[in-house]
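Each reported figure results from applying straightforward, stated rules to the coordinates on display, with no laboratory input. Worth saying up front: this structure is predicted, and the values here are computed from it rather than measured. Cβ placement follows ideal geometry from the backbone for every residue including glycine, while neighbour counts extend to all protein chains displayed.
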Amino acid sequence: MAKNGIAHQGRFNVCCVIALPTRPAPPSLPGIENPTKFLHERVKLLVERQHTHARELKKDRPLDLSQAQVDGIPRSHLLDIAYEQGRQLFAKDKDPFGYGTLFMNPDKQKPFWAIWVWGRRLDEFVDGVNGSHTTDEALDRWGQSTLDAFKGRPWDIYDVALADTVSKYPIDIQLFKDLIEGTRSDMRKKRFETFEDLYLYKYYSCTTLFLMFIPMMGIAPESKASLESIYHAGIIFGAGLSLTDSLRDVGEDARMGRIYIPRDELLQAGLSEEDVFRGEVTDKWRKFMKGQIKRAREYLDEGAQIITELHGDVRCALWTTMLMYRQHLDMIEANDYNNFTKKVSVGNARKFATLMVAYGKSIGWF
């Protein structure tokens, strides 16, 4: 089945493909000429390294705190305080995934806090109050601090939690490097000629964070899916989430000079970048958004098949994310496709109801 130049074949098997037409990658991404080949090779690398990391996890690796800025915190309480700091930031974010983690065992929640906070802090390099002043040197330094955390040498209290997490789960540092490159790309590239270009950017800037979660989630004992197919499905699901984010935030992004919509698709719809910056909801825009929303739903639905292949105690978080993101798309439609000035927001009562539905789906009630 082909969707806008990206084909998916089969369900959770080695042939589950993300097939992109061969075309040069955006100049701001690191030298990728064939996105199809790149994604398959990246998944193969992640699978191979996850198996290797899993064999090495039994080795005891104490933390080296010689360069950590954690003065005054007793060593005996350091990890608890580090994870608690992460939990507080995670809770403030009010992300749909966070609501679903409420049904997880507290110890199972901790690594998600650590990884999520690392990604959120990285995001501040572009979207924070000083984002316009971020330099390549700052990202290089962030990359070095991440590498040191993987070596058990955290720089600060948040890195303590990260170092502990990556010592317990077979997460490969390549995903962290890819997300840093995605952030570097975000500093420069504000336009995307084709959906293939946008899709590749989504991998680097967003999907990588979701893939970091996979080793922590764990595959269900009853699953027949290969690890390779799980990662491919994760890429699809992550793309669906990120595409939804972009459609929800069209107006906000435009005010920052960004357009996360393929330029060629805008032109085919009789629209231009100037129309996006102008922010006027016209019949052309409504028709165009219907197609964009349809595609985002397809990716969410396709990728969500990963949920039943993962361990039972993470399914509620994933179903919550899936359902709330579909609600975001529903609300764009309910707002008459005005994603320029009308903010999508899910009220607390609806969030609670969605969480209950997600919990029911996670335990097989429906």
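Arrange the following residues from fewest to most other Cβ atoms within 10 Å of their Cβ: Cys316, Cys206.
Least crowded to most crowded, the residues run Cys206, Cys316.
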Local electrostatic count, His328, Cβ distance below 13 Å [Lys/Arg +1, Asp/Glu -1]: +2
Just to confirm a number: summing +1 for Lys and Arg and -1 for Asp and Glu over residues other than Phe277 whose beta-carbon lies under 14 angstrom from that of Phe277, what do you get? 0
Suppose only helical runs count, i.e. DSSP H with n ≥ 4. What mean residue ellipticity at 222 nm does that imply for the chain under -39500 (n - 2.57) per run, divided by all residues and rounded to the nearest 500 deg cm²/dmol? -19500 deg cm²/dmol
Taking a crude spin-label model, label points 7 Å out from Cα along the C-beta direction, the His77 to Asn34 distance in nm is 5.7 nm
Could you tell me which of Cys316, Leu355, Phe366 has its Cα farthest along the dipole of segment 304-366 towards the positive end, charges placed at Cβ (Lys, Arg +1; Asp, Glu -1), taken about the Cα centre? Leu355
Rounded to one decimal in nm, the spacing of the 7 Å Cα→Cβ label points at Ser226 and Thr282 is 4.9 nm
In the Gaussian network model of the chain, springs joining C-alpha atoms below 10 Å, which of Glu222, Glu84, Glu33 carries the largest mean-square fluctuation? Glu222
Compute for the chain: radius of gyration divided by Kirkwood radius, i.e. Rg/Rh, restricted to C-alpha atoms, rounded to two decimals. 0.95
Given 0.36 nm per residue, what is the gain on full extension from Ile173 to Asp264 after removing their alpha carbon distance, in nm? 29.3 nm
Projecting each Cα onto the charge dipole of segment 213-296 (Lys/Arg +1, Asp/Glu -1 at the beta carbon, about the Cα centre), which of Tyr231, Tyr260, Trp285 comes out farthest on the positive side? Trp285
Taking only the alpha carbons of segment 289-366, the radius of gyration and the largest Cα-Cα distance, Dmax, both in angstrom, are 13.6, 39
Compute the distance from the alpha-carbon center of segment 48-103 to that of segment 266-338, in whole Å. 32 Å
Placed amide H near Leu310: partners under 5 Å, 5+ positions off or other chain: Ala220
Using a Gaussian network model on the chain with a 10 Å cutoff between Cα atoms, which of Asp136, Asp249, Asp330 fluctuates the most? Asp136
For segment 59-168, taking Cα atoms only, what is the radius of gyration to one decimal and the Dmax to the nearest whole Å? 14.4, 42
If each residue's Cβ is checked for other Cβ atoms within 10 Å, how do His77, His232 rank with the fewest at the top? His77, His232
Within the chain, which whole H helices from DSSP have a Cα span along their axis of at least 15 Å and a mean Kyte-Doolittle hydropathy of -0.5 or more, if any? 78-93, 157-168, 173-186, 227-248, 315-334, 348-362
Run the dipole for the chain about the Cα centre, Lys and Arg Cβ at +1, Asp and Glu Cβ at -1, nothing else charged, and hand back the magnitude in debye, nearest 20. 660 debye
Could you please rank Ser76, Ser246, placing first whichever residue has the fewest other Cβ atoms within 10 Å of its Cβ? Ser76, Ser246
